[in-house]
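Reading through the structure tokens given below for one structure.
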Amino acid sequence: MNRVLLCPDSVAFWAKKRMSKKNRNIPIVTRSEFNTNNGIEGLLSSYRNLESIVIVSSHESFLKDIDLKEQFESRGIQVNCQSNFACSLAVNKIKAKKMFDKNNIASIEWSLDAYSATTDFVVKKSNGSMGTSVKYCKKNTNIKLENEYIEPFVEGYEFSVNVFNDRAGKSIVFPSVYKGTTGRSMIHPSNKIRLCSNFKACSEIINQMNDMAIRVGHLIKNIGFMEVEFIVTSSSQVQILEVNPRVSGTLRMASMACNNMCFDLLLDEKEIACNKQLKCSHQTLEIPYMGRATVDEEQNIICTTRASFCFNNYDEMISKIRTVKQMEEECFINDAKNLLFETFFLSN
């Protein structure tokens, strides 16, 4: 079948590295190429025998992709993309919050009234993404909300769980990603160090997050990839922060950790024979990166705006940090040590 993968520019570089060799001949069209080259008409001109397209949404394209799907299908082209309902929730987090409440899903408390806050709180945009426009406020702060909502600031540990659902609803759950402790500084996610592991010593918490993520995937009619963000409180309560029904920044490292060629799932639904919860073959660390985009498949390293790499022991982790960070390595080594300590502390 003649098909194309349309995906965000930020994903295009590493997508082929998370495909098996049989799929690496499938053309990848980036969003910028698509927009620059006259959209649908330009794509159909370049790929005259196109039969199928896989659309990977970004935080900027959800509503556009609903329309794109209809336009491609009107031309007789088969489309595999995120569900309309999931897209509608992605651009309206207040709607998503109400869905959690309606279905008794444990999530962070929220309000549309900043004056009701009795603790320090966080202000978020209803259509925000990637940590943009998030503000930390002291209690009793007078603030007018404009398409925003508030959540109490919660001390705890942040995790992400990535899930893939096929159109029949079967689920593949990827290993959990640990993103550190919550902080009042509101550091952007791209500037955090993250770790993917099986976290065996806190398996009860991991299983609870996995079960909640699977349930959310079914409720939002997820098709393709979805990330569910969690906070685990100091008293070990598991609460959902939000859901991102797209390829998220944590997917790459989660797929590397369990040796899963995740984009094969999008390109061949036969890959999902049954529901699965994948386990790590090794651990993956991800750190901020400012250098040239590179891939070292032999060393299991992928560098874009973040450097992702697998390791099996402490010495290998240190060595790979030094490989990708060069002169800056010491501060990242210390941060990585702290992250490993935090996960040990959480596990005990």
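The criterion of at least 2 residues that are among the charged types (D, E, K, R), over 12 Å from the mean Cα position of the chain (by Cα) and over 19 Å from A12 (Cβ atoms) is met by the following helices (runs of 4 or more DSSP H) wholly inside the stretch 202-272: 203-219.
Note on the stretch 269-300: among residues that are open to solvent by less than 30 Å² (accessible area, probe 1.4 Å) and among the aliphatic types (A, V, I, L, M), the one that is farthest from G217 (Cα to Cα) is I287. Residues of the stretch 161-194 that are open to solvent by 10 Å² or more (accessible area, probe 1.4 Å), under 15 Å from the mean Cα position of the chain (by Cα) and either under 20 Å from H282 (Cα atoms) or small (G, A, S) (or both): K179, S190, I193, R194.
The set of residues from the stretch 32-63 being assigned to a helix (DSSP H, G or I), out of contact with any Ser or Thr (no Cβ under 9 Å at 6 or more places or on another chain) and either open to solvent by less than 10 Å² (accessible area, probe 1.4 Å) or of a type outside the set (S, T, Y) (or both) comprises E33, F34, N35, G39, I40, E41, L43, L44. Restricted to the stretch 1-24, and to residues there that are of a type in the set (S, T, N, Q) and outside any helix (DSSP H, G or I), the residue that is nearest to A293 (Cα to Cα) is S20. For the stretch 64-93, residues that are part of a helix (DSSP H, G or I), under 24 Å from A15 (Cα atoms) and over 25 Å from the mean Cα position of the chain (by Cα) total 1.
Within the stretch 143-152, is even one residue among the acidic types (D, E) and closer than 19 Å to E227 by Cβ? Looking through the stretch 143-152, at least one residue is among the acidic types (D, E) and closer than 19 Å to E227 by Cβ. Residue under question is V163, and the condition is that it be touching a strand residue (DSSP E or B) at 6+ places or on another chain (Cβ under 8 Å), among the β-branched types (V, I, T) and closer than 19 Å to C87 by Cβ; does it hold? Criteria met by V163. Going by what's in this entry, would L266 be described as crowded, with 21+ Cβ neighbours inside 10 Å, touching a strand residue (DSSP E or B) at 6+ places or on another chain (Cβ under 8 Å) and in contact (Cβ under 8 Å) with a residue 40 or more places away in the chain? The answer is yes for L266. For the stretch 179-207, the set of residues classified as hydroxyl-bearing (S, T, Y) and under 28 Å from L267 (Cα atoms) consists of S190, S197, listed by residue number. If you go through the stretch 79-111 and keep only what is closer than 29 Å to S236 by Cβ, among the polar types (S, T, N, Q) and open to solvent by 20 Å² or more (accessible area, probe 1.4 Å), you end up with N103, N104, S111.
The values are calculated or read from the model by the stated rules, or taken from the named source; none is laboratory data. Everything numeric here is computed off the predicted structure, so don't read it as measured data. Because the Cβ atoms are built from the backbone with ideal geometry, glycine has one as well, and the counts that use them run over all protein chains shown. SASA here: full protein model, heavy atoms, side chains in, ligands and nucleic acids out. Shrake-Rupley method; radii C 1.70, N 1.55, O 1.52, S 1.80 Å.
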